[in-house]
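The values are calculated or read from the model by the stated rules, or taken from the named source; none is laboratory data. Note that this is a predicted model, so its numbers are computed, not measured. Every residue, glycine as well, gets a Cβ built from its backbone with ideal geometry; the counts of neighbours run over all protein chains shown. Accessible surface is based on the protein model in full, side chains and every heavy atom, while ligands, DNA and RNA are left aside. Shrake-Rupley method; radii C 1.70, N 1.55, O 1.52, S 1.80 Å.
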Amino acid sequence: YAHRRVLVQPASVVGGEMRDYQLASLDWLVERHERGLSAILGAEMGLGKTLQTIAFLAHLKFAQRLEGPSLVVCPLSVLASWMVECRRFCPALRVVKLHSADVDERERLRKSLKESGWQSVGRQLAGA
């Protein structure tokens, strides 16, 4: 196994410069992904986990050319911030907020995503 090191900020990540420790985390996330292993970033607030995650998703999409959606699950209290940060740091990523208590709105979102070429859209959980 030969890991292709990620030592520089992805070209699609704009709006700020990643710090050395953020690039190290990005490289670690990529290495885990290449080995088929899961990973979780855990650190104090304010260290840029959101940016590192956005950079990782950008790397998968644009450097590794992986097609299809990725899913970010976060508390409702930070959902708007995630949307803003994604647009700020990687406007080339297509970001869609999937949140609604309205059954008809959820169905509209599913149809919209399927019509735009997404292969798989999450199913409603029982009781949701």
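A crude spin-label estimate for the pair ALA92 and GLU31, with each label 7 Å from Cα along the Cβ direction, gives 2.5 nm.
Highest mobility in the GNM of the chain, judged by mean-square fluctuation with C-alpha springs under 10 Å and restricted to VAL73, VAL96, VAL30, is found for VAL73. Only the Cβ atoms of Lys and Arg (+1) and of Asp and Glu (-1) were treated as charged; on that basis the dipole of the chain about its Cα centre amounts to roughly 280 debye. Computed from backbone phi, the HN-Hα couplings of the range 58-66 come to 5, 4, 4, 6, 9, 8, 8, 6, 7 Hz, rounded to whole numbers (Karplus: 6.51 cos²θ - 1.76 cosθ + 1.60, θ = phi - 60°; Gly and Pro given as x). Entry for the chain at q = 0.10, 0.15, 0.17, 0.18 Å⁻¹: log10 I(q)/I(0) = -0.37, -0.80, -1.00, -1.09, Debye formula applied to identical alpha-carbon scatterers, no solvent contribution. In this simple spin-label approximation, ARG110 and ARG19 carry label points 7 Å from Cα along the Cα→Cβ vector, and these lie 4.3 nm apart.
At 222 nm, what value in deg cm²/dmol follows for the chain if DSSP H runs of at least 4 each add -39500 (n - 2.57) and the sum is divided by all its residues, to the nearest 500?
Details: 4 runs with 52 residues, N = 128.
So the helix-based figure for the chain works out to -13000 deg cm²/dmol.
In this structure the amide hydrogen of LEU93, modeled in the peptide plane, comes within under 5 Å of no amide hydrogen from residues 5 or more places off or on another chain.
Across the range 77-93, coupling constants 3J(HN,Hα) worked out from phi with the 6.51/-1.76/1.60 Karplus curve, θ = phi - 60°, read 5, 10, 4, 4, 5, 4, 4, 5, 5, 5, 5, 5, 8, 8, x, 6, 6 Hz, and Gly and Pro carry x.
With the full set of protein chains in place, find how many percent of the accessible area of the chain is carbon and sulfur; take the probe as 1.4 Å.
54 percent
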